[in-house]
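Q: Below you'll find the structure I mean.
The values are calculated or read from the model by the stated rules, or taken from the named source; none is laboratory data. As the structure is a computational prediction, the values presented were derived from the model and not from experiment. Here the Cβ positions follow ideal geometry from the backbone for every residue, glycine too, while neighbour counts run over all protein chains shown. With ligands, DNA and RNA removed, areas are computed over all heavy atoms of the protein, side chains included. Shrake-Rupley method; radii C 1.70, N 1.55, O 1.52, S 1.80 Å.
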Amino acid sequence: MEVQTTYLIIGYFVGFEKYGIDVFYNRKFQKWLFENSTDADKNIHPEFDTSGFIMNVKFTAFHNSIPLTENDFIDIQIQRLNTFLELEDLKSMDKIQIQHFKRHLENKSIEYQQHTIKLIQEQNDINEYIQSYRYSFFNSLLNKRNEDGKENVLFYGRRTVELLNLRDEKLNLIDNLKERFDLLNLYNSHLNHLINHIIHLYKALNGYYGTNNTGFLTIIVIEKEKVFYSLKSLKSFSKNIKDEVISGKTDKAILIKTYFLSELDVLIAFLDDMIGIDISKSPLHTDFEAVKTALNSSFILEELKIINDLETKTNKDTQEVNRKINAPILALFCRLINEIGIEKKEEIESVEKYCIRVCERYELVYTDRIRQNFNGNNTKANLKIFIEKVLPLLDAETKSKIQKHLDTKQPPKQNLYA
């Protein structure tokens, strides 16, 4: 008896380390449901997903004489752990581990009691969810293998992978958004999480619908929270679209918004056609519409008009400043740009074409008087006006190069005491 008990304790600890305490708990609870199900084929070896839930067994009806609520499972587990704690030769480290898992179970039990009333109140909401998916079709997707042991080609995991691969292929073909690849890829990863959470939610709903086991109600609440969090994360991508607009890249903003909305529609269609979940009939419909609204309202035509008007006014103001700068000053600027090598004049290039090219690059207004003054004298007065009026309008790099060039032209200070 002591040897067998030791093995049981070791089994608990191995489970902790391998799966983590929450996954380990889910696996034990799911296996307990499976072992007490009168309809489950005991010849089938249960297959668990990463969260600890059985994927290849459909729970339908349970024997009325067997209590199968989550709280009953917790009570049985606590009784077993108390038996371990009564052993006189139990090692102190083993005792700490057992007490840790016991506290975890007791907390689960408290949570279960607290949520029971809330879960009953949400019964109508659950019924709406159940009306939004095709029960028989959905069940045909849950098992990785058929009863004959052959691979189930309808398995939802296989269909999901096919969708993800197709999305990656499409993304690689989008040439006009190559520089935004990381952003689009991040958005796609959020869509992937959303699909998985929705499927897990409906797996829990399916388990509850097939068994009427209230133990699934807690799982439903947890999975719903994960779905809502995923949808909320999608809404945050509206900020990325707004950032493009603010940066003046309206064309990119339109393309990104179109991509986001298009892939969201693809996800909705996939859930309906390939998984059997109709979002339009689900309580999730409102939340999906909220995501679309957030992405759509990331910018609107009225906002773009205001931005364009501001840009136009800024350009007009800049041009007005340029007009107030005398042609000899701008001619001096063109000569400096050539001397420094920032924008070299070609040997066969005329002064007129060169000055036009420089003015276009720096958004300055060209007049023929600039050409006429190109070979004029660099008077101190002109240089002073240039430093005060033109230099502040230039970008940091050009400004720095011109300032260094001008510094080299200054004569060295004489030492009066030499």
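Q: Given the conditions (1) at pLDDT 85 or above; (2) under 21 Å from the mean Cα position of the chain (by Cα), report the number of the one that residue 171 does not fulfil.
A: Condition not satisfied by residue 171: (1).
Q: Just one of the numbered conditions (1) in contact with a helix residue (DSSP H, G or I) (Cβ under 6 Å, 6 or more places away or on another chain); (2) β-branched (Val, Ile, Thr); (3) over 17 Å from residue 26 (Cα atoms) is not true of residue 211; which one?
A: (1)
Q: Assuming residue 234 fulfils every condition listed in (1) at pLDDT 85 or above; (2) within 24 Å of residue 135 (Cβ to Cβ); (3) surrounded by 14 or more Cβ atoms within 10 Å (Cβ to Cβ) apart from one, which condition is it?
A: It fails just one condition, (2).
Q: Please enumerate the residues belonging to the range 237-255 that are surrounded by fewer than 13 Cβ atoms within 10 Å (Cβ to Cβ), more than 18 Å from residue 178 (Cβ to Cβ) and more than 19 Å from the chain's Cα centre (by Cα).
A: Answer for the range 237-255, where residues must be surrounded by fewer than 13 Cβ atoms within 10 Å (Cβ to Cβ), more than 18 Å from residue 178 (Cβ to Cβ) and more than 19 Å from the chain's Cα centre (by Cα): 246, 248.
Q: Restricting attention to the range 169-223, which residues are open to solvent by 20 Å² or more (accessible area, probe 1.4 Å) and outside any helix (DSSP H, G or I)?
A: Within the range 169-223, 173, 174, 212, 214 qualify.
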